[in-house]
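J.: For reference, the structure I am asking about is given below.
Every read-out reported here was derived from the displayed coordinates using simple, explicitly stated rules and does not represent laboratory data. This one's a predicted model, so the numbers in the text were calculated from it and none came from an experiment. Using ideal geometry, Cβ is built from the backbone for each residue, glycine included, and neighbour counts are taken over all protein chains shown.
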Amino acid sequence: ALHTLKRRYAPTIEMLLETLEAARKRLDDFRRSAAQREEFSRRRKALTEELSRHCQALSQERQKAARALVKELLQRLELIGFTGARLEPEFAPSSPSANGSDHFELFFSANKGEELRPLRKIASSGELSRLMLALKTVLADADAVPTVIFDEIDMNIGGETANKVGASLRELGKFRQIITISHLAQIAAVADSHW
């Protein structure tokens, strides 16, 4: 019987005893697997509840911050020519992750009477540039980006609106380097240097 076991499982007695010990451990693990599954299930439930609590707290803070951000953005947008603009934050549930359990998107309407739509789908390049200017100005203290480039920020604007956009660019330039491609004298006039 010993020779049969050696032939089948291990060439030496020492290795055969190691194989026996490993088999006993696997059998013990198998017998305890139901208890382990129960323990894993209990831990998973507790961790899922904890994740849900953290996601809920993050979502509440995110919604509060979004309302404050939108309020400041609308004030800033009005200064740069979007007098009838509307901006609303929308939150949609998503699978819980390190980023929370909701997805944030801005809905935008540039003019009175226009329907709110996702900003990423409807804003023109000029509108996006001015929206980015407003956003970067509002977030100047929190944003670590050292250089911002604006192209087409002067699209479809002129007169007093162009003066206001120039003033906003000048203000943002106090916090970071601004590179602007512009055809308007009101915007170019506020620059420190020209190329």
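J.: Please build a GNM for the chain, connecting alpha carbons under 10 Å apart, and tell me which residue among Thr83, Thr180, Thr147 fluctuates the most.
T.: Answer for the Gaussian network model of the chain: Thr147.
J.: Just Ile181, Ile153, Ile13 to compare: in a GNM of the chain, with alpha carbon springs under 10 Å, which one fluctuates most?
T.: Comparing Ile181, Ile153, Ile13 in the GNM, the peak value goes to Ile13.
J.: Along the positive direction of the dipole of segment 17-70 (beta-carbon charges: Lys, Arg +1; Asp, Glu -1; about the Cα centre), which of Ala34, Ala23, Gln56 reaches farthest?
T.: Gln56
J.: Just want the answer: with Cβ charges of +1 for Lys and Arg and -1 for Asp and Glu, which residue in Leu135, Leu116, Thr180 is farthest toward the dipole's positive end in segment 111-195?
T.: Leu116
J.: Can you give the FRET efficiency for Ile179 and His54, using 1/(1 + (r/R0)^6), R0 = 41 Å, r = Cβ-Cβ distance, to the nearest 0.05?
T.: 0.55
J.: Put +1 on the Cβ of each Lys and Arg and -1 on the Cβ of each Asp and Glu in the chain; which of Ala162, Ala68, Trp195 then has its Cα farthest toward the positive end of the dipole?
T.: Toward the positive end, the furthest listed residue is Ala68.
J.: Sort out for me the Cα centre separation of segment 165-195 from segment 96-119, rounded to whole Å.
T.: 29
J.: Counting only the backbone N, which residues of segment 44-87 are under 15 Å from the spot 7 Å out from the Cα of Asp141 toward its beta-carbon?
T.: Of the residues in segment 44-87, 65, 68-69, 72-73 have backbone N under 15 Å from the label point off Asp141.
J.: For the cross-link pairs Lys71/Lys136; Lys64/Lys164; Lys136/Lys164, which exceed 26 Å when the distance is taken from alpha carbon to alpha carbon?
T.: Cα-Cα > 26 Å for Lys64/Lys164; rest within.
J.: For labels at Glu115 and Lys6 in the simple 7 Å Cα→Cβ model, what's the distance in nm?
T.: According to this spin-label approximation, the distance is 8.5 nm.
J.: For segment 12-86, what Kirkwood radius comes out of the mean inverse Cα-Cα distance, in Å?
T.: Result for segment 12-86 stands at 18.1 Å.
J.: Right, something else. Where in segment 135-162 does the amide nitrogen come within less than 14 Å of the point 7 Å from the Cα of Ser125, taken along Cα to Cβ?
T.: Under cut-off, by backbone N: 150-156.
J.: Let me ask something else. Mind checking which lysines have their C-alpha under 20 Å from Lys6, skipping anything on the same chain fewer than 8 residues away?
T.: Output for Lys6: Lys25.
J.: Now a separate question. Dipole of the chain, Cα-centred, from +1 at each Lys and Arg C-beta and -1 at each Asp and Glu C-beta, to the nearest 20 debye? Walk me through the intermediate numbers first.
T.: Details: 30 positive and 27 negative charges, 251 e Å.
With only Lys, Arg, Asp and Glu charged at Cβ, the dipole is about 1200 debye.
J.: Additional query: Taking the 0 to 90 degree range and rounding to the nearest ten, how far is the long axis of helix 125-138 tilted relative to the main principal axis of the chain, both from C-alpha atoms?
T.: Approximately 80 degrees, to the nearest ten.
J.: Round to a whole angstrom and tell me the spacing of the C-alpha centers of segment 140-155 and segment 11-34.
T.: 65
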